[in-house]
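In what follows, a single structure is set out as structure tokens and then discussed.
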Amino acid sequence: MKFSTAYLALYNAAQACGWAAILVVLAIGVAQRETPEQLYDRAAPLTKLVQGAALLDTLHAAVGLVPSSPALSLMFWVGRGNALFAITEPIAALHSSWWAVVMLGAWAAAEVIRYPWYAATTLGACPGWLTWLRYTMFIPLFPVGTIAEMALMWTSLPELQSRRLYSLALPNPYNWAFDYHRFIQIVLLLYPLLWWQLYSSLLRARAKKLGGGSSKGGSSKGGSSSGTSGDGSRPPAADILRQETRTKLLKVQ
Amino acid sequence: MKLEVVSRSGRSIATLDVNPDSTVAELKKKFHGLKKTYYPARQRFALPVKAGETRGQVLSDDKRLSDYGLTEGGKLEFKDLGPQIGYSTVFFWEYFGPLVLYPLFFFLPQYMYPHIKAPAGAPQHALVQKLACAYWCFHYAKRIVETFTVHKFGHATMPIFNLFKNCGYYWGYAAYVSYFVNHPLYTAPNETVSVACLAVAVLAQLGNFWSHIILSGLRKPGEKEYKIPKGGLFNFVTCANYTFEIWGWLLYSVAVQSIPAYLFAATGAAQMTQWAIAKHNRLRKLFDGKDGRPKYPRRWIIFPPFL
């Protein structure tokens, strides 16, 4: 087995285990009727770890180890990272919000399908039902997660403003001002648009993958982005660089 | 001979009766006669995809139909490139915005920063702000002049959507950078360093202009093929024009010490790098040293000593 295949299989399996643990913790907690704050305290530390580590998905795409778009992967990671690290973590009131639990739950439910699918596809042994799950469960889970993220951002606005979090005022030596509160307001306006771009590309990928006819012999989407690479707008130059890197990496074994 | 024009999904669009010796340009005129919406600049024809290809070979306007081995009953794939706009038109508008927008913040702060109580009298600017404004305007004026006197465009048109995309980029960044560099609460950095940086930046602009002259002279009128750039920095760097451009904006950013300026420089550099890698690889693939073709020399791509 190639080293890169083993590495990817291991990485995706590790992510799958992490997210499974989060889902189990949340499920047990909900069954025991814990408060949102208790649920968050249980699930957040591990979530921060695996979601932070998911930056590797972008790295893999950037060096050509997987065929996904690094730009899409990074956008996805930044969106989630913002919701978890920048918005929910620092604002204590959000820890007792059910929206935080919904967000973590939706993320975990989607990832316990996506990462095992990547692992199985990398090893060339992906069962049909797993592919079906991977290309179907996003349909309810993705909007739920997105709405939860938006709800948390919306609720955070007053505290972002009063605490002036991550903001910079003039005058300063960087000759720049940044109002994070205003920034999140703009992000909230753009979120539905960005969400739709990702969602519709997933729907198209679903049609291609599941919608009847010959599948062109497993294009190994052992990749790390939920976005499809088939929208034809990827610049060729980046492709060339990535393909060359990929060739060099694969030659190593 | 009769040629069948099909869409990329295989649907038959039209049948054209053409002379095998006629050029692709003449074919496009004929097609325009049949389908009034598709003026020639919007048309793209390609041969059907052959085994082992991802895309069919695109037909070049100046070649003859017989050059592509097209015979009676041959098929051509048609793609509508969408409404087109001239390259120089787009270039003019995308550069005109920054030329006009940037000085607005410099000369009319009372309107551009209405929330800041301005001290009475003429706006107070540090020397670096004045020189930066002059540099910025000189840069975009130069670009407009080059568009109409120096540049020779490989394509005549581009999709009209690009007008809005490109203007959004240039005008947006012009406002973003200018807002902060000309802000009443701007903190001027060390004047000597700033002036020195802008002076070197002007030299970079001259280097960029010289590079454009060299590129413009590569093809004689009527020539269409790629040439190996030579002369000036091109002897060492494939995209020497981009090298000078990146240096210019880097030095501008150091001179004004403003994050938006660095962001602008970085974004431009990233885009130019993508283009440079593609161009470098295209030239290396073309000039492979076989069949009497010269071998493309070992060169930096865009920014020694890094790439």
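The values are calculated or read from the model by the stated rules, or taken from the named source; none is laboratory data. Here the structure is a predicted model, which means the values were calculated and not measured. Methodologically, a virtual Cβ is constructed for each residue, glycine included, from the backbone with ideal geometry; neighbour enumeration extends over all protein chains shown.
Based on what the data block shows, is A:Ala109 of a type outside the set (Val, Ile, Thr), crowded, with 22+ Cβ neighbours inside 10 Å and within 20 Å of A:Leu152 (Cα to Cα)? Criteria not met by A:Ala109. Apart from one condition, B:Arg293 fits all of (1) within 14 Å of chain A (Cβ to nearest Cβ); (2) not in a helix (DSSP H, G or I); the exception is (1). As for segment B:141-154, it holds at least one residue that is loosely packed, with under 14 Cβ neighbours inside 10 Å and in contact with a Phe, Trp or Tyr (Cβ under 7 Å, 6 or more places away or on another chain).
Every test in (1) surrounded by 15 or more Cβ atoms within 10 Å (Cβ to Cβ); (2) touching a Leu at 6+ places or on another chain (Cβ under 9 Å) is passed by A:Pro90 save one, and that test is (1).
Condition first: among the acidic types (Asp, Glu) and more than 16 Å from the chain's Cα centre (by Cα). Now tell me which residues in segment A:29-78 satisfy that.
Answer for segment A:29-78, where residues must be among the acidic types (Asp, Glu) and more than 16 Å from the chain's Cα centre (by Cα): A:Glu34, A:Glu37, A:Asp41.
For beta carbons closer than 8 Å, sequence separation of 6+ or different chains, a first residue in segment B:190-211 that is closer than 14 Å to B:Phe138 by Cα and a second that is among the charged types (D, E, K, R), the qualifying pairs are B:Ala204/B:Glu245; B:Gln205/B:Lys142; B:Asn208/B:Glu245; B:Phe209/B:Lys142; B:Phe209/B:Glu146.
Of everything in segment A:145-172 that is part of a helix (DSSP H, G or I), of a type in the set (D, E, K, R) and over 24 Å from the mean Cα position of the chain (by Cα), the residue that is surrounded by the most Cβ atoms within 10 Å (Cβ to Cβ) is A:Glu159.
Taking the conditions exactly as written (away from chain A (no Cβ under 14 Å), of a type in the set (Phe, Trp, Tyr) and under 14 Å from the mean Cα position of the chain (by Cα)), does B:Tyr135 satisfy them or not?
Details: away from chain A (no Cβ under 14 Å): yes; of a type in the set (Phe, Trp, Tyr): yes; under 14 Å from the mean Cα position of the chain (by Cα): no.
Taking the combined requirement at face value, the residue does not satisfy it.
Checking B:Thr243, B:Thr267 one by one, the residue that is in contact (Cβ under 8 Å) with a residue 60 or more places away in the chain and closer than 30 Å to B:His183 by Cβ is B:Thr267 and no other. So how many residues does segment B:222-258 have that are under 28 Å from A:Asn172 (Cα atoms) and either within 14 Å of another protein chain (Cβ to nearest Cβ) or surrounded by fewer than 16 Cβ atoms within 10 Å (Cβ to Cβ) (or both)? Of the residues in segment B:222-258, 7 are under 28 Å from A:Asn172 (Cα atoms) and either within 14 Å of another protein chain (Cβ to nearest Cβ) or surrounded by fewer than 16 Cβ atoms within 10 Å (Cβ to Cβ) (or both).
In the set (1) over 16 Å from the mean Cα position of the chain (by Cα); (2) surrounded by fewer than 21 Cβ atoms within 10 Å (Cβ to Cβ); (3) in contact (Cβ under 8 Å) with a residue 12 or more places away in the chain, A:Val24 fails one condition alone, (3). Can you list residue pairs whose Cβ atoms sit under 8 Å apart, with the first residue in segment B:280-307 being without any contact (Cβ under 8 Å) to a residue 12 or more places away in the chain and the second being in a helix (DSSP H, G or I)? Count only pairs 6 or more apart in sequence or on different chains. Short answer, once both residue conditions are applied: B:Asn281/A:Ala237; B:Asn281/A:Ile240; B:Arg293/B:Leu286.
Each row is one residue, and each column tells you yes or no for (1) more than 14 Å from every other protein chain (Cβ to nearest Cβ); (2) farther than 22 Å from B:Gly86 by Cβ; (3) at pLDDT below 95; (4) in a helix (DSSP H, G or I).
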residue: B:Phe153; (1), (2), (3), (4): yes, no, yes, no
residue: B:Val177; (1), (2), (3), (4): no, yes, no, yes
residue: B:Pro189; (1), (2), (3), (4): no, yes, no, no
residue: B:Ser194; (1), (2), (3), (4): no, yes, no, yes
residue: B:Cys197; (1), (2), (3), (4): yes, yes, no, yes
residue: B:Ala201; (1), (2), (3), (4): yes, yes, no, yes
residue: B:Phe209; (1), (2), (3), (4): yes, yes, no, yes
residue: B:Lys220; (1), (2), (3), (4): yes, yes, yes, no
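Close Cβ contacts (under 8 Å, 6 or more residues apart or on different chains) running from residues in segment A:155-180 that are away from chain B (no Cβ under 14 Å) to residues that are assigned to a loop (DSSP other than H, G, I, E, B) and polar (S, T, N, Q) comprise A:Thr155/A:Ser97; A:Tyr180/A:Ser167.
If the condition is being farther than 13 Å from B:Tyr242 by Cβ and either within 10 Å of chain A (Cβ to nearest Cβ) or surrounded by 15 or more Cβ atoms within 10 Å (Cβ to Cβ) (or both), then segment B:259-284 contributes B:Ile259, B:Pro260, B:Ala261, B:Tyr262, B:Leu263, B:Phe264, B:Asn281, B:Arg282, B:Leu283, B:Arg284.
For segment B:155-174, what are the residues that are within 14 Å of another protein chain (Cβ to nearest Cβ) and in contact (Cβ under 8 Å) with a residue 40 or more places away in the chain?
Result: B:Pro159, B:Phe161, B:Asn162, B:Tyr173.
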